[in-house]
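A.B. asks: Let me give you the structure first, and then I'll get to my questions.
None of the figures in this text is laboratory data; all of them are computed from the coordinates on show. Not measured: the values here are computed from a predicted model. Using ideal geometry, Cβ is built from the backbone for each residue, glycine included, and neighbour counts are taken over all protein chains shown.
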Amino acid sequence: MHKQPNSRTCFMCGRENDSGLKMSWYNIPEKEQNQGKVTIPEHFNGYPGIAHGGIVAAILDETAGRSIL
């Protein structure tokens, strides 16, 4: 498994972005897969315990982009 690089201030993966999700991304070449890890903070909920659809859409968008790296 190989960790993909993060951008410091990116909303999705930036470790220095206090408002962001701080996602981590990994390539798994032997399986031809890419894997993202995230814990969605409560302030991104639409309803209690349910992630807002806009956050889910942003995660899917980032996943699509990261899959070509």
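A.B. asks: Over all directions, average the projected area of the Cα convex hull of the chain and note it in nm².
C.D. replies: Average of the hull's projected areas for the chain equals 4.7 nm².
A.B. asks: Among Ile55, Ile40, Ile28, which one shows the highest mean-square fluctuation when the chain is modelled as a Gaussian network with alpha-carbon springs under 10 Å?
C.D. replies: Looking only at Ile55, Ile40, Ile28, the largest GNM fluctuation is found for Ile28.
A.B. asks: Loop only by DSSP, 16 or fewer other Cβ within 10 Å of the Cβ. Give me the GluC sites (Glu not before Pro) in the chain that pass, ordered by residue number.
C.D. replies: Counting only loop positions with at most 16 other Cβ atoms within 10 Å, the GluC sites (Glu not before Pro) in the chain are Glu16, Glu32.
A.B. asks: While we're here: Rounded to the nearest 10 degrees, what's the angle between the helix 53-66 long axis and the longest principal axis of the chain, both from Cα atoms, 0 to 90?
C.D. replies: 10 degrees
A.B. asks: Same structure again: Among all stretches of the chain without exposed trypsin sites (Lys or Arg not before Pro) (DSSP loop, at most 16 other Cβ atoms within 10 Å), which one is longest?
C.D. replies: Looking at the chain, 16-69 is the longest stretch - no exposed trypsin sites (Lys or Arg not before Pro) with at most 16 other Cβ atoms within 10 Å.
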